[in-house]
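Before any comments, here is the structure.
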């Protein structure tokens, strides 16, 4: 199960992804707690993210629900 505490969403992102930046900016403005995992930082994190989808941002909610992308902004393929 993704997430170390299982109380906050885990979001997989990649550097340079406009949709990722917009999502994190929105959550930061709202004061929302989350765990960011950057897929370009390690092969293990990339492989983990690909287990959920092929388009970042990928959000894994504490209940296990998975969402890809953010609003009308095109995400980035991984």
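No value in this document is a laboratory result; all are computed from the given coordinates. Predicted model only: the values in this text are computed from it and were never measured.
So for the chain: antiparallel DSSP bridges make up what percent, rounded to the nearest 5?
So the antiparallel bridges amount to about 70 percent of the total.
If each residue of separation counts as 0.36 nm, what is the full-extension length gain between residue 30 and residue 45 once their alpha-carbon separation is subtracted?
2.8 nm
Helix-only estimate, please: 222 nm mean residue ellipticity of the chain, summing -39500 (n - 2.57) across DSSP H runs of length 4 or more and dividing by its residues, to the nearest 500.
After summing the helix terms and dividing by residue count, I get -8000 deg cm²/dmol.
Counting just the Cα atoms, what span does region 17-78 cover along each of its three principal axes? Round to the nearest Å and put the largest first.
30, 25, 21
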